[in-house]
Each structure stands twice: as C-alpha cells, then as structure tokens.
Amino acid sequence: MIQIDAETVARYDRLGPRYTSYPTVPQWHDSYGQGEVISALKRANLRSGPLSLYIHLPFCKSTCSFCGCNHVADQKQKLTAQFAPLLEKELDLFASNLPKRRDIVQLHLGGGTPTWLTSIQLDTILNVVGEKFNFLVNAEKSIEVHPAVTTISHIEVLAAHGFQRISMGVQDFDPQVQEIIGRIQSVDMTRELIAACRERGFSSVNLDLIYGLPAQTANKFDSTLTHVINLRPERIALYSYAHLPARFSHQSTMPLELLPSSEEKMKIFLLSRRRLLEAGYIDIGMDHFVLPEDDMAKALLTGELHRNFMGYSTKAGSEMIAVGPSAISMLEDSYFQLNPHWASWRRAVEMGELSIVKGINLDEETQKRRDAIMSWMCNRRIDKGEDFPNHWITHLKSETISPLVEEDEHGWHATNLGNLFLRVIAMGFDPSFNGLEEEVKHQYSQTV
Ligand code: SF4
C-alpha cells in the first residue's frame, strides 16, 4: 500500500477539473444556441457508427445534502407524469437531425432518481425511445437507482427492456453519516435489491461510495467497506465529496466542523483502495474499482476505456446524444448542454425548441489536447508522437510532476503515486484552466 505523508497530500491537493470532458463546462460558451446544435447534429449525421444515448430523469423524492447532480425534489410525484410526452418531443428534435444515425449501442438512464418515476412511467419512456431509435442486439443498457425507492416492479420493467447494468447509490452505511446527509438506506435493503436484480438477469451491479462526508473517519468507513465487499458488486465508484455550496445551495446545510480534513480524506481513500485491491478489485482511473472479469477491466488493458459525464465507460469512440434537463451531449467535434432548470426546459420543449445553455465546438488543436488529457485519465499514459509539443515535455519533467510520471520507450506513464493524482498530471495539458481567474477555479473541486 502506498504511504502518503501530509506534505505530499498538501503538494498535490489543489482545485482542478475532474476531466469528464475537455474543455470543461465552465469554459463553454453561453452564446451557443439551437442553431449551433442543429449544425453539430447534421455534421454528426454525416459520420458513421452507433451512438450512445443518455436520458436525464431529474426527479427525486427529496434532496440529499451532499448532492451535486441536477435534480428536482418532487415528493408527491406531481411532475414525473409530465415527463414522457416532453421527452418524446425532445427525442424527435434530435432524431429529425440524425436521419442516418439512429443505431444505439449504449443507453444510460441517469438522474435524479430514474426510479422515482413509477414503473409504468418508466415503461412508457422506454417504449418511446425504442420507437425513435434502433438498439443494436448487444446494446448496453444501464440505470442509476436509489434503493430506498426502487421496487421489484421497476426491476421487472427494466429486465423486460433488456437492461443488464444497474448502479445504486450507497455513499456510506454509517447511520450517523446517513442521518447528516439525509439519506437512510440499510445494508439489508441494498442486499435485497441486488439479489432481485441478479434473479432477473442483471449481469453487472455498481455501488457508489463517497468519501469526505461529515462525520466520516477511516475507522468508521472500514465497516462500510466490509459490507460493500461482502455484497460483491462488479463495480465500485469511490467519489470524493466536492463541497461547492456556491453551485449547490443545499450543500450549505452541511456541518462544516464535521467535514474530515484533507489528510483524513486521503486516509479514507487509501484505506478503501487497499481493501478493494485486497478483495480482488482492479483500480480503473482515479475512482473506479472493478472485478477482473468486468468489461471495464478488459477495456483498461486494451486501451479502450473512455471518459464522459457518467465517469468511465467501455464505449470508446461512440458519440453521445443526451436528452432531459441539464443533459450534456458529447459529439466528436462539439459539446452542448440542455437547460438544467425544469420549468425552462419544459417550456422550450413544449414550444418545439431545444433550450441550450452552453456549448462549444472543438477545433483540431483543442481535440489534440482533449485526446492527451483523456489518455492520462483513461490509460494513465501518453505516447510521444512526432508533433509532441515541447511545453508538454517541460511540464512532465517539472519538479512537481516528475515524481508522478516515468518516461518509457513510447512516452510517459503514471507512477504508483501518479495514479492517485491523474488530474494533477492532466492539468498541465490544459492551458485554459491554468489561465482561469481564481473565482472561476472555485467552481472546481479539490483533487484530494
Ligand atoms: S437521490 Fe441522488 S440525485 Fe437525488 S438528491 Fe439524492 S444524491 Fe441527488
């Protein structure tokens, strides 16, 4: 196990992007609108290959205080019933500009809590999607759920539509932490839902954990890890809590005095990493752990790992269209985000429009930097090409970065220490982040 002292943590703990995209969202243009999106879709229509489709279902029963996702608390389920017809209209807007590209290789339902819709509402939505697009025979279908509101009926509908992957939020099983973050969920409830999924043919279960929450300590988190390891999910995501109350106002209720220090956070992370590796998991990128037989482990070996707004994915190279409030489409040469505000998004869709809040077209130079950054984030290395810029070499050989990387025959790879700070290595390939004003940098999370 890597031992890291406080000095090393302090050296590499800084504000920085998680690089689920490059350029990152705060650097996109507010002036990007429907016209640019239609042009981007028309260009995508001329390319080939199946697409990935992401659907954002923003509704939740209530708000968890740590949440960093776009969501609408809809306790009485008054809004969920309105969603299917709106989604159908928005899918039509996308599909009409993609007449030649309707094949889907990957579908992901995210949120919010997709299972806060009733199973009948979910079934309607999946039927609508199936009418607009063609799913390839082996298309991967996955969903994010909150076990506390997910029923057997939901699982049966999903299984009937061919879903094989399910991701469940856990965060921490410690009762004190759950009480503070407003999310009560027992080990038994989680175990029963996993069993129900497996009985109905789901081949992959992911559990999300978060470290850095109030009242967490390495000692207490050890017990959550024991439960999680016993549940034996194929994938585990271990995210660092990002405290950004300026962006997510509900986070201001967090008791700051109970947040663990950077050092304690790093202790929890390293303990988790050690325990998961000892339990037979493989670490993927910064915050994902998978069993060796999982597709993601294979993708890591073959260099086919891909990173997008959902984290790591095995569908390298597939362009993603995304619908629903706040959803972000990632095409080869452009990214854009739909309006995150439920009422504004709904109004636009009712008028037959796409409400775009931000977007960006990527020129060749930007695509090159994106590929370099994603190579670090996904493959933990970069190959030297003929046109490898000198300032990248200077960055890799700098006093701060050199302990994180090692030169080899084909380029540079991350050292064991570097694997823990891939974001810090990648930041040197991102001149636009380094040029941002301090105020804007505070929209990003700490690297530890
Ligand atoms: S259930 Fe998920 S999306 Fe909804 S508030 Fe909690 S963390 Fe956020």
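The values are calculated or read from the model by the stated rules, or taken from the named source; none is laboratory data. Note that the coordinates shown come from a computational prediction; the quantities given were computed from them, not determined experimentally. Here Cβ is always computed from backbone atoms with ideal geometry, including for glycine, and neighbour counts include all displayed protein chains. Areas reflect the complete protein model, heavy atoms only, side chains present, ligands, DNA and RNA absent. Shrake-Rupley method; radii C 1.70, N 1.55, O 1.52, S 1.80 Å.
A few comments on the model shown:
- Residue check, Thr118 open to solvent by 30 Å² or more (accessible area, probe 1.4 Å), under 23 Å from Glu192 (Cβ atoms) and within 16 Å of the ligand (Cβ to nearest atom): no
- The set of residues from segment 121-163 being open to solvent by less than 10 Å² (accessible area, probe 1.4 Å), more than 16 Å from the ligand (Cβ to nearest atom) and under 18 Å from Ile194 (Cβ atoms) comprises Ile155, Leu158, Phe163.
- Close contacts from segment 84-97, counting a first residue that is touching a residue at least 60 places away in the same chain (Cβ under 8 Å) and a second that is in a helix (DSSP H, G or I) and open to solvent by less than 10 Å² (accessible area, probe 1.4 Å), with Cβ to Cβ under 7 Å and a gap of 6+ residues or different chains, come to Leu86/Val349; Leu87/Ile125; Lys89/Val349; Glu90/Val349; Leu91/Val129; Phe94/Leu41.
- Considering residues of segment 105-115 that are closer than 16 Å to Ser318 by Cβ and modelled with pLDDT of 95 or more only, the residue farthest from the ligand (Cβ to nearest atom): Leu107
- Within segment 421-448, tally of residues that are open to solvent by 20 Å² or more (accessible area, probe 1.4 Å) and assigned to a helix (DSSP H, G or I): 7
- Residues satisfying the stated conditions in segment 87-115, i.e. among the aliphatic types (A, V, I, L, M) and either assigned to a loop (DSSP other than H, G, I, E, B) or open to solvent by 10 Å² or more (accessible area, probe 1.4 Å) (or both): Leu93, Leu98, Val105
- Positions within segment 244-259 being under 21 Å from the mean Cα position of the chain (by Cα), open to solvent by less than 70 Å² (accessible area, probe 1.4 Å) and touching a residue at least 60 places away in the same chain (Cβ under 8 Å), in sequence order: Leu244, Phe248, His250, Gln251
- Hey, His29 closer than 27 Å to Trp342 by Cα, open to solvent by 20 Å² or more (accessible area, probe 1.4 Å), free of Cβ contacts under 8 Å to residues at least 60 places away in the same chain and in contact with a strand residue (DSSP E or B) (Cβ under 8 Å, 6 or more places away or on another chain) or not: no
Condition check ((1) touching a residue at least 12 places away in the same chain (Cβ under 8 Å); (2) farther than 16 Å from Asp371 by Cα; (3) outside the structural domain of Leu238 (by TED's automatic domain parsing); (4) within 15 Å of the chain's Cα centre (by Cα)) across all residues:
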{"position": "Tyr312", "(1), (2), (3), (4)": "yes, no, no, yes"}
{"position": "Val323", "(1), (2), (3), (4)": "yes, yes, no, no"}
{"position": "Met330", "(1), (2), (3), (4)": "yes, no, no, yes"}
{"position": "Ser334", "(1), (2), (3), (4)": "yes, no, no, no"}
{"position": "Leu338", "(1), (2), (3), (4)": "yes, yes, no, no"}
{"position": "Trp345", "(1), (2), (3), (4)": "yes, yes, no, no"}
{"position": "Leu354", "(1), (2), (3), (4)": "yes, yes, no, no"}
